[in-house]
Amino acid sequence: MAGSPDFDLYRPSEEHDMLRDAVRSLAEAKIAPYAAAVDEEARFPQEALEALVANDLQAIHVPEAYGGAGADALATVIVIEEVARVCASSSLIPAVNKLGSLPVILSGSEDLKKKYMTPLAKGEGMFSYCLSEPDAGSDAAGMKTKAVRDGDYWVLNGVKRWITNAGVSEYYTVMAVTDPAKRSKGISAFVVEKSDEGVSFGAPEKKLGIKGSPTREVYLDNVRIPADRMIGEEGTGFATAMKTLDHTRITIAAQALGIAQGALDYAKGYVQERKQFGKPIGDFQGVQFMLADMAMKLEAARQLTYAAAAKSERVSAGGEQEGLTFFGAAAKCYASDAAMEITTDAVQLLGGYGYTRDYPVERMMRDAKITQIYEGTNQVQRIVMARNLP
Ligand SMILES: Cc1cc2nc3c(=O)[nH]c(=O)nc-3n(C[C@H](O)[C@H](O)[C@H](O)COP(=O)(O)OP(=O)(O)OC[C@H]3O[C@@H](n4cnc5c(N)ncnc54)[C@H](O)[C@@H]3O)c2cc1C
C-alpha cells in the first residue's frame with residue numbers, strides 16, 4: 001500500500017535486543033559509576049569513551065567499508081538510548097560522532113570517507129559538527145564564517161558556537177559561506193582538523209546539564225586547508241547539513257528516551273521503598289497514575305523514534321526521502337518534550353530527596369532540557385513538521 005509505514009522495522013530484531021542487553025550491562029558497569037562525578041565536576045567522561053571504544057560502540061554507524069560495524073539507524077538509537085539511561089553526557093560520544101561524520105558519509109568523496117571514517121571507526125579520533133554561530137542559531141543559514149578559495153586551498157575565517165565535544169574531537173565538519181550572494185546555496189561544508197594551524201577553542205560553557213559534554217566555541221583564524229577537504233560540491237553544504245539533521249534528530253530522540261527511562265526506572269524503585277502513612281508511597285493511586293502516565297508517554301515516544309529510525313534506514317539504503325524529515329523532527333520534538341515531563345515527574349515522586357544531588361533524578365531533569373534545544377529547538381521542529389506534513 002502506497003505510503004504505508006514499515007511495520008516490520010518498528011520492532012527491534014533479536015540482534016537489536018542482544019545489542020541492548022550488551023550495552024545496558026556495559027553502561028551499568030563502566031559508565032553509570034562515574035555519571036554523578038562527571039556532572040558534579042563538569043568533566044569529560046573519559047571512562048565512558050574508553051569503555052565505548054573498547055567495545056567498538058563509539059561510532060557504530062560507520063559503514064563496514066571503512067572498518068566500522070555498519071550498524072543500522074535503530075542499532076545506533078539503541079546504543080545512545082542505553083548510554084543516556086545512565087549518563088546523558090556520555091551518550092553524546094556516539095551521538096555527536098554520528099552528527100559530525102554523517103555529512104562526510106552522505107556527501108563526501110570516497111577519499112574523504114576513507115581518510116576520516118577509518119580513524120573514527122577505530123576510536124582514534126572523534127567528530128564534531130560546526131553549524132551554529134553566535135548570531136546564527138535557529139537561522140543557521142545566516143552564518144558569517146567564510147571560506148575563500150586560494151589556488152589548491154580554502155582559507156576559513158569565523159567563529160562557530162556551542163560546538164559539542166570541541167577540543168576533544170580531532171575532526172570538525174564546518175559549514176562556511178563560499179558565495180555570500182546565494183545565502184543557503186552559497187554555503188559549503190569542509191573537514192577541519194584540530195591540528196590545522198589557526199584552529200583554537202573557547203572556554204567550556206557553564207551549562208545547566210550535560211555538564212560532562214564539553215561545549216566550546218571553535219575559532220577559525222586563517223585556517224588553510226587543501227581543496228579536497230570540501231565535502232561534496234561547492235554550495236551544497238547547507239543542504240548536506242540539513243539532510244544530516246533529518247537522520248541525527250532521531251539520535252537526540254534516543255537520548256531523550258534514555259534519560260527518561262533512567263528517571264522512570266529510578267522512580268519505580270523508589271516508590272516501593274519509601275514509606276509514608278504506614279505504607280509504600282507506590283501503593284497510593286495518585287502515585288500509580290503518575291507512573292502510568294510517565295510510562296505511557298515514554299512508550300509513545302519510543303514507538304515514534306523507532307518508526308523514524310526505520311525511515312532513516314530506508315533512506316540510507318537508497319530509498320525515498322519521503323517522510324524522514326517529518327518523522328525525524330516529530331521524534332525529536334515528542335521524545336524531548338516527553339523526557340522533560342517524565343524527568344520532572346520523577347523528581348516530584350522523590351519529593352524533597354528528588355531535589356537534591358544525592359539522587360540522580362535532578363541530574364536527569366537538567367540533562368533532559370537540552371534535548372528540547374539542540375539540533376534545532378522544538379519550535380524549529382514544529383516549523384519543519386508544518387512544512388513537511390505527512
Ligand atoms: C549544549 C549545547 C550543545 C550544542 N551543540 C551544537 C553542536 O555540536 N553543533 C552546532 O552546530 N550547534 C550546537 N548547538 C546549538 C543549538 O543547535 C542552538 O543553540 C539552537 O539551534 C538554537 O539556537 P540559538 O541558541 O541561537 O537560539 P535562537 O535561535 O536565538 O532562539 C531563541 C528562541 O527563539 C525561538 N525561535 C527562533 N526562531 C523562531 C521562529 N522562527 N519561530 C518560533 N520560535 C523561534 C527558539 O525556538 C528559541 O526558543 C548546541 C547548543 C547547546 C546549548
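Of all residue pairs spaced 6 or more apart or on separate chains, those with beta-carbon atoms under 7 Å, a first member in the stretch 70-96 that is hydroxyl-bearing (Ser, Thr, Tyr) and a second member that is open to solvent by 10 Å² or more (accessible area, probe 1.4 Å) and more than 16 Å from the ligand (Cβ to nearest atom) are 76/60; 76/61.
Restrict the check to the stretch 302-313 and report whether at least one residue is under 23 Å from the mean Cα position of the chain (by Cα) and under 23 Å from residue 116 (Cα atoms).
Step one: list which residues in the stretch 302-313 are under 23 Å from the mean Cα position of the chain (by Cα), which gives 302-313.
Subset that is under 23 Å from residue 116 (Cα atoms): 312-313.
Taking every residue of the stretch 302-313 in turn, at least one turns out to be under 23 Å from the mean Cα position of the chain (by Cα) and under 23 Å from residue 116 (Cα atoms).
Within the stretch 277-288, the residues that satisfy the criterion of being free of Cβ contacts under 8 Å to residues at least 24 places away in the same chain and either surrounded by 11 or more Cβ atoms within 10 Å (Cβ to Cβ) or under 31 Å from the mean Cα position of the chain (by Cα) (or both) are 280, 282, 283, 284, 288.
Pick out, from the stretch 1-115, the helices (runs of 4 or more DSSP H) lying fully within it that include 3 or more residues that are among the acidic types (Asp, Glu).
Details: elements: 7-10, 14-26, 32-40, 46-54, 73-86, 88-107.
Fully inside the stretch 1-115 and qualifying: 14-26.
Of all residues in the stretch 142-160, those satisfying the criterion of being within 10 Å of the ligand (Cβ to nearest atom) and farther than 15 Å from residue 221 by Cβ are 142, 143. Scanning the stretch 164-193 for residues that are within 14 Å of the ligand (Cβ to nearest atom), over 16 Å from the mean Cα position of the chain (by Cα) and hydroxyl-bearing (Ser, Thr, Tyr) yields one hit, 171. Scanning the stretch 363-376 for residues that are more than 7 Å from the ligand (Cβ to nearest atom) and part of a helix (DSSP H, G or I) turns up 363, 364, 365, 366, 367, 368, 369.
Within the stretch 285-332, how many residues turn out to be basic (Lys, Arg), touching a Lys or Arg at 6+ places or on another chain (Cβ under 6 Å) and at pLDDT below 95?
Initial filter on the stretch 285-332 (basic (Lys, Arg)): 297, 302, 311, 314, 332.
Still in the list and also touching a Lys or Arg at 6+ places or on another chain (Cβ under 6 Å): 332.
Next cut, at pLDDT below 95 only: none.
Of the residues in that region, 0 qualify.
Consider the stretch 63-93 and keep the residues that are in contact with a Ser or Thr (Cβ under 7 Å, 6 or more places away or on another chain) and buried (at least 24 other Cβ atoms within 10 Å of the Cβ). The one that is farthest from residue 51 (Cα to Cα) is 73. For the residues 196, 246, the requirement of being away from the ligand (no atom under 16 Å from the Cβ) and either open to solvent by 10 Å² or more (accessible area, probe 1.4 Å) or touching a Ser or Thr at 6+ places or on another chain (Cβ under 8 Å) (or both) singles out 196. Considering (1) under 19 Å from residue 255 (Cα atoms); (2) open to solvent by less than 40 Å² (accessible area, probe 1.4 Å); (3) assigned to a helix (DSSP H, G or I), the lone condition that residue 379 does not fulfil carries the number (2). Applying the criterion of being near the ligand (Cβ under 7 Å from one of its atoms) and in a loop (DSSP other than H, G, I, E, B) to the residues of the stretch 116-141, the residue that is farthest from the chain's Cα centre (by Cα) is 139.
The values are calculated or read from the model by the stated rules, or taken from the named source; none is laboratory data. Just so it is clear, the structure is predicted and the values come from calculations on it, not from any experiment. Positions of Cβ are backbone-derived with ideal geometry, glycine not excepted, and every protein chain shown enters the neighbour counts. These accessible areas exclude ligands, DNA and RNA; they are computed on the full protein's heavy atoms, side chains included. Shrake-Rupley method; radii C 1.70, N 1.55, O 1.52, S 1.80 Å.
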